[in-house]
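Below you'll find the structure, written out as structure tokens, and then a few comments.
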Amino acid sequence: MKSKLNKRNIIFLVIIAILIIPQTRQPLQILLHKGLSYINQSSVINESDRVLISYDNWQLQSDTNTQLDFKTTKGKVVFVNFWATWCPPCIAEMPSLQALYNDYNDKVEFLFITGDSFKTVENFKKKENYNFEVFNPLNNIPEALTTRSIPRTFIINKKGEIVVDESGAVDWNSKTVRGQLDQLLSE
């Protein structure tokens, strides 16, 4: 009996240590959020509950040193993802975002938005082999897209309505999301 208690105590202490040590904590958090991303699915907002976007005066700077005026996305399907390189749920959903971007970047306007420095972003992208363009906001984000948590993702239809608003890690490369995008592109 005493031997069993000692083994349980040791296992418990090892688990606590793994969760406390930063080098092991982040990979475990990423793994957990990756698993949760398959549960947390994207859903379309009812037409009566959709919010219209304001295209006024939102300027973005990309990691490729180009500026984007948000007004240029008007009339397009836009995929907006707020994220950070240090955020475990953001990192967990990135492979699915890259896969979606690979297949839809010529049809959908992707805006990967972060407050991280471009040097940090470039190191992250290089390490993970990502090739999507990343933006820093140069001024205030439109009120309807303002968020206090990341990752946060919005999909905007051609009419300028938010049709998807999801927080947390999601498997963005799912059949559901691809179907949603295909539907929005056909409208």
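The values are calculated or read from the model by the stated rules, or taken from the named source; none is laboratory data. Just so you know, these numbers come straight off a predicted model, no measurement behind them. Don't worry about glycine lacking a Cβ; one is built from the backbone with ideal geometry, like all the others, and counts go over all protein chains shown.
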Inside the range 151-170, the number of residues satisfying the requirement of being at pLDDT below 95 and in a loop (DSSP other than H, G, I, E, B) is 3
Options S37, S54: the member that is buried (at least 20 other Cβ atoms within 10 Å of the Cβ), among the hydroxyl-bearing types (S, T, Y), over 16 Å from L184 (Cβ atoms) and modelled with pLDDT under 95: S37
Select, from E161, E122, E166, the only residue that is charged (D, E, K, R) and either under 23 Å from D63 (Cα atoms) or touching a His at 6+ places or on another chain (Cβ under 6 Å) (or both). E122
Under 17 Å from I150 (Cβ atoms) and either of a type in the set (D, E, K, R) or modelled with pLDDT under 75 (or both), is that true of Q29? yes
The residue from E122, E109 that alone is touching a Ser or Thr at 6+ places or on another chain (Cβ under 9 Å) and over 18 Å from T176 (Cα atoms) is E109
Condition first: more than 14 Å from F82 (Cα to Cα), touching a residue at least 24 places away in the same chain (Cβ under 8 Å), out of contact with any Ser or Thr (no Cβ under 7 Å at 6 or more places or on another chain) and of a type outside the set (S, T, Y). Now tell me which residues in the range 160-187 satisfy that. G160, E161, I162, V163, R178, L181, L184, L185, E187
Selection count, the range 140-168, where residues are touching a Lys or Arg at 6+ places or on another chain (Cβ under 7 Å) and crowded, with 21+ Cβ neighbours inside 10 Å: 1
Which pairs have Cβ atoms under 9 Å, sit 6 or more apart or on different chains, and link a residue in the range 108-132 that is in a strand (DSSP E or B) to one that is modelled with pLDDT of 95 or more and of a type in the set (S, T, N, Q)? E109/T72; E109/T73; F110/N81; L111/T73; L111/N81; F112/N81; I113/N81; I113/N136
Which residues, taken from the range 69-91, are in a strand (DSSP E or B) and either more than 18 Å from the chain's Cα centre (by Cα) or not β-branched (V, I, T) (or both)? D69, F79, N81, F82
If you take the residues of the range 117-129 that are in contact with a helix residue (DSSP H, G or I) (Cβ under 9 Å, 6 or more places away or on another chain) and surrounded by fewer than 18 Cβ atoms within 10 Å (Cβ to Cβ), which of them is farthest from C87 (Cα to Cα)? N129
Please specify each residue of the range 87-106 satisfying the condition of being closer than 17 Å to Q180 by Cα and in contact with an Asp or Glu (Cβ under 7 Å, 6 or more places away or on another chain). S96
Among (1) outside any helix (DSSP H, G or I); (2) touching a helix residue (DSSP H, G or I) at 6+ places or on another chain (Cβ under 7 Å), the one test that L181 misses: (1)
